[in-house]
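Step one of this worksheet: look at the structure below.
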Amino acid sequence: MCVAIYKPENVQTPSLDTLKKCWEANPDGAGFALFTGGDKYAIEIHKGYMTWKQFKAAFEKYRLADFAGDMLLHFRIATHGGISPGNTHPFSLTGDVKLLKHTNVLTNYALIHNGILPIKPEGDISDTMEFCRRMAPLYQNIPSAFNLIEGMAGNNKIAVMTKNKVHLFGQWENIDGVYFSNLLWDWQEEFFPPTREELQLLNQGYCPYCDERIISEDDLFYCPECGEAWKNK
């Protein structure tokens, strides 16, 4: 499921209460990227927080509540790759897997992703990490790279922070100026119950609309391909 978040410059950071909801729905690790504007490296990545206590401590250490610049945040639920600090987002754009897994990085490119990409990762890495490896040669023209995957990336949401701006791919939800890749972390959101026929397919692990594999958690069903969600009341 995951939730990716982009907080633009001079927009208020989401509250800890909101981020706690994001964590509870996506508890397989968290991280963030900050645009600091340095001459050599303009972006800091800090990630690998595997408990809420760790993330909250980092939130306070880096004073995220008052951070005025561009910020990316990500809360992960694993679909590809193991559950480990190195597999959390954000990632820099590089072909070096060891660098992708570093938890504190100075860089000029940071990427977060929500969804399942139609690519096969090599080894015990996530589809997002494999995508970063393939994006690395195209780092100077992010919009062109997005154009290459448009039409095959379905309902994926991707954000790439560069020295100049933040590029968004896919349809994002805007709440008080902050962009969320989905609102499934907000359990107050209204979900329609599935019909009997839909529930049969959902229980078999397939989306009744696009036939792709779904993610289920308790009574919630979510299709990362088309973005549909149901709650079996």
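The values are calculated or read from the model by the stated rules, or taken from the named source; none is laboratory data. Computed from a prediction, not measured in an experiment: that's the story for all the values here. We place every Cβ from the backbone using ideal geometry, glycine too, and count neighbours over all the protein chains shown. To get the accessible areas, we keep the full protein, side chains included, count just its heavy atoms, and leave off ligands, DNA and RNA. Shrake-Rupley method; radii C 1.70, N 1.55, O 1.52, S 1.80 Å.
Here is how the numbers come out for the structure above:
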{"quantity": "Candidates 135, 129 - the one that is aliphatic (A, V, I, L, M) and farther than 15 Å from residue 88 by Cβ", "calculated": "135"}
{"quantity": "Flag if residue 45 is closer than 27 Å to residue 176 by Cα, out of contact with any helix residue (DSSP H, G or I) (no Cβ under 8 Å at 6 or more places or on another chain) and modelled with pLDDT of 95 or more", "calculated": "yes"}
{"quantity": "One residue from 215, 175 being farther than 16 Å from residue 110 by Cα, at pLDDT below 85 and surrounded by fewer than 19 Cβ atoms within 10 Å (Cβ to Cβ)", "calculated": "215"}
{"quantity": "Yes/no for residue 154 being at pLDDT 80 or above, within 16 Å of the chain's Cα centre (by Cα) and not acidic (Asp, Glu)", "calculated": "no"}
{"quantity": "Strands (runs of 3 or more DSSP E) wholly inside the stretch 1-101 containing at least 3 residues that are surrounded by fewer than 22 Cβ atoms within 10 Å (Cβ to Cβ)", "calculated": "43-49"}
{"quantity": "Residues satisfying the stated conditions in the stretch 172-187, i.e. in a strand (DSSP E or B), closer than 11 Å to residue 14 by Cβ and within 15 Å of the chain's Cα centre (by Cα)", "calculated": "178, 179, 180"}
{"quantity": "Residue match in the stretch 189-206 (condition: in a strand (DSSP E or B) and modelled with pLDDT of 85 or more)", "calculated": "yes"}
{"quantity": "Test: residue in the stretch 125-141 that is of a type in the set (Asp, Glu) and open to solvent by 30 Å² or more (accessible area, probe 1.4 Å)", "calculated": "no"}
